[in-house]
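Trainee: Below is a structure I'd like to ask you about.
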């Protein structure tokens, strides 16, 4: 990042207020509910009679991302998407975000602008207003904290609890890609460390690398629910891995479930990468996080509304018994335990 | 903190979900607007027809606080107070907060519980609900990010812009104490580093140390406005220092002002500490941050409502001319320039 011969700007040359002004000036306000945005002690939102949904996430360099292969623009984009995904998981649409960053003095103004160009792109893509934040220095590395605020869809918000016996368990998109992308990028980093002249060829891994570097939140699934008059009985987004999220839905709903291994959606590119890395595809789908797909349950009468959508997969059903089980391709029943990503 | 002989708990022994459950279980919900709190992908707030006010702050160890003299419980309390103060500055009352933390592995569970005991105390003192957050590990030190959400007082929100020519400039409480408290604590730290057996005697500095370690947000001033039917024409909280905040009010209102040095409220204890440290009290009041007092402007017809309140000081008035001037005790006119605390 600092290889560029162009003269870069130290943050202390511009100061905190100058930095805030510079990085926020190009953000346009697109939502009526944003009455007052960046530039005062706080922002003012007018949600009329709508309820609001609030979520917050913190991303730490060296824990959640590695800047040696994660471009800052993508990082900005992904930070916003991760929070929007949490609002989706409540059956909601994000309207505003705040973004706070702490940066060490190794970061130049131009790097922060890169980060914010990704944040801006996500705001534009998802019709979200940046309404506030904080910028400060850190002793080491980059820390990003995003708070997202939104409104529930007209049908109302959906929690992790609320699914009923015999409800169908459905997942959007495909799973495991983001984790596999991370493996590919980590491998290329190791190659680069041994031979700094090597040029990574990622053309065979486009899908999985994009799943890692530029994930999307499933606002389109929320739109699909509205169009098809579906209200999920429970929902969660897959940030920690399918098994961890399934356990949350079951625990919060006070039920168990049966999930069928053969129904788990895994993209062909992911299967190919698994083969190359000698990884078990189902394990990756269950344990790999950061796919930002939605896992939800619906009443079984809604089956026909989802079964023909190639982007939605019915992977099982809820049970009265509290066992959370996987039915393997070989027909064996085995308990699902949390194998999700751990922060500590 | 780790001197205790009691066996302390590593965070990886309890895990992220266990930690969240443990630190949030004692928080009570006190606001009707909090419909769904901690424990799902996001919180649900029901503000009916009220607008909402949103602000966010990030505090970084080694930049904003030094744990060698800042007790974790006080730190938790102050983190919340700083955000509540921003909501006050909009003429609002805080209803909810989210708190995200990143901690290095040197922190034990018991330390995090100390931090949250301070957060809880602030929530209780200010009738605020903790509705969400994130906990993760950091590579170094502690980072705290607080987002506060509240509602405007019935008279509506107040921004930094909006003051008119001849409006009176008023400040609550007294200034400079928090900065002086920091100087005292820094001095004791140096003494301790030279002689680890020394026991600090802070009894002469109770006021200033408390201003630094346990500041309060001025919700009571917002209540005073309501009782006395005052709506400030502009307002800001004093987190960076009086001069920096005055410049914000003037810039955002498109006006100048005249501030009278002799009117600046400084507590006797602060004057005493200034004398001991050979510091100029006015300079400290203008440049020292973190007092979390409110600086606001009111229509001059409201003068009689504030002039007899010992806790409010009329320190000057707004002018059509854009000069931001200080009239010194000697009668000299000198421009006020920003001398506030800089994050970079």
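Trainee: Given the criteria surrounded by fewer than 18 Cβ atoms within 10 Å (Cβ to Cβ), assigned by TED's automatic domain parsing to the domain that holds residue A:242 and outside any strand (DSSP E or B), does residue A:330 qualify?
Mentor: yes
Trainee: Continuing with the same structure: Here are B:29, B:20: which of them is more than 8 Å from chain A (Cβ to nearest Cβ), part of a loop (DSSP other than H, G, I, E, B), in contact with a strand residue (DSSP E or B) (Cβ under 7 Å, 6 or more places away or on another chain) and at pLDDT below 95?
Mentor: Unique residue meeting the criteria: B:29.
Trainee: For segment A:32-43, what are the residues that are more than 7 Å from chain B (Cβ to nearest Cβ) and closer than 15 Å to residue A:97 by Cβ?
Mentor: Residues satisfying the conditions are A:33, A:34, A:37, A:38.
Trainee: Okay, moving on. Residue check, residue B:310 against (1) in a loop (DSSP other than H, G, I, E, B); (2) under 25 Å from the mean Cα position of the chain (by Cα); (3) touching a residue at least 60 places away in the same chain (Cβ under 8 Å), all met but one. Which one?
Mentor: Of everything listed in (1) in a loop (DSSP other than H, G, I, E, B); (2) under 25 Å from the mean Cα position of the chain (by Cα); (3) touching a residue at least 60 places away in the same chain (Cβ under 8 Å), residue B:310 misses just condition (3).
Trainee: Which of (1) within 17 Å of the chain's Cα centre (by Cα); (2) away from chain B (no Cβ under 14 Å) is the odd one out, the single condition residue A:218 does not satisfy?
Mentor: (2)
Trainee: Next up: Going by the structure shown, is residue A:10 over 29 Å from residue B:295 (Cβ atoms), modelled with pLDDT under 95, within 13 Å of another protein chain (Cβ to nearest Cβ) and exposed (fewer than 15 other Cβ atoms within 10 Å of the Cβ)?
Mentor: Yes, satisfied.
Trainee: Just checking, does segment B:44-52 include any residue being facing another protein chain (nearest Cβ under 7 Å), touching a residue at least 60 places away in the same chain (Cβ under 8 Å), part of a strand (DSSP E or B) and buried (at least 17 other Cβ atoms within 10 Å of the Cβ)?
Mentor: yes
Trainee: Is one or more of the residues making up segment A:229-252 more than 13 Å from every other protein chain (Cβ to nearest Cβ) and more than 23 Å from the chain's Cα centre (by Cα)?
Mentor: yes
Trainee: When you scan segment B:135-229 for helices (runs of 4 or more DSSP H) that lie fully inside it, which ones turn up with 1 or more residues that are under 30 Å from residue B:321 (Cα atoms)?
Mentor: Once the helices (runs of 4 or more DSSP H) in segment B:135-229 are filtered for at least 1 residues that are under 30 Å from residue B:321 (Cα atoms), what remains is B:219-227.
Trainee: Name the single residue that is farthest from the other protein chains (Cβ to nearest Cβ) among those in segment A:81-132 being within 17 Å of residue A:151 (Cβ to Cβ) and part of a helix (DSSP H, G or I).
Mentor: That would be A:123.
Trainee: Scan A:109, A:72, A:121 and give me the residue that is more than 18 Å from the chain's Cα centre (by Cα), outside the structural domain of residue A:239 (by TED's automatic domain parsing), surrounded by fewer than 24 Cβ atoms within 10 Å (Cβ to Cβ) and in contact (Cβ under 8 Å) with a residue 24 or more places away in the chain.
Mentor: Residue meeting the stated conditions: A:109.
Trainee: Among B:236, B:259, which is the only one that is in the same structural domain as residue B:284 (by TED's automatic domain parsing), surrounded by fewer than 23 Cβ atoms within 10 Å (Cβ to Cβ), closer than 21 Å to residue B:310 by Cα and touching a strand residue (DSSP E or B) at 6+ places or on another chain (Cβ under 7 Å)?
Mentor: B:259
Trainee: Condition first: outside any helix (DSSP H, G or I), under 20 Å from residue B:298 (Cβ atoms) and in contact with a helix residue (DSSP H, G or I) (Cβ under 6 Å, 6 or more places away or on another chain). Can you find one or more residues in segment B:241-262 that meet it?
Mentor: yes
Trainee: Checking residue A:196 against (1) on the phi < 0 side of the Ramachandran plot; (2) surrounded by fewer than 14 Cβ atoms within 10 Å (Cβ to Cβ); (3) touching a helix residue (DSSP H, G or I) at 6+ places or on another chain (Cβ under 6 Å), which single condition isn't satisfied?
Mentor: Residue A:196 satisfies all of (1) on the phi < 0 side of the Ramachandran plot; (2) surrounded by fewer than 14 Cβ atoms within 10 Å (Cβ to Cβ); (3) touching a helix residue (DSSP H, G or I) at 6+ places or on another chain (Cβ under 6 Å) except (3).
Trainee: Return the residues of segment B:62-75 that are over 29 Å from residue B:222 (Cβ atoms) and touching a strand residue (DSSP E or B) at 6+ places or on another chain (Cβ under 7 Å); say none if nothing qualifies.
Mentor: Once the filter is applied, which keeps residues that are over 29 Å from residue B:222 (Cβ atoms) and touching a strand residue (DSSP E or B) at 6+ places or on another chain (Cβ under 7 Å), segment B:62-75 yields B:63, B:67.
Trainee: Next up: Tally the residues that are touching a strand residue (DSSP E or B) at 6+ places or on another chain (Cβ under 6 Å) and farther than 30 Å from residue B:232 by Cβ, restricting the search to segment B:76-116.
Mentor: Number of matching residues: 3.
Trainee: Shifting gears a bit: Looking only at segment B:135-156, count how many residues are facing chain A (nearest Cβ under 9 Å) and buried (at least 23 other Cβ atoms within 10 Å of the Cβ).
Mentor: Result for segment B:135-156: 7.
The values are calculated or read from the model by the stated rules, or taken from the named source; none is laboratory data. Just so it is clear, the model here is predicted, and its values are computed rather than measured. Cβ: placed from backbone, ideal geometry, glycine included. Neighbour counts: every protein chain shown.
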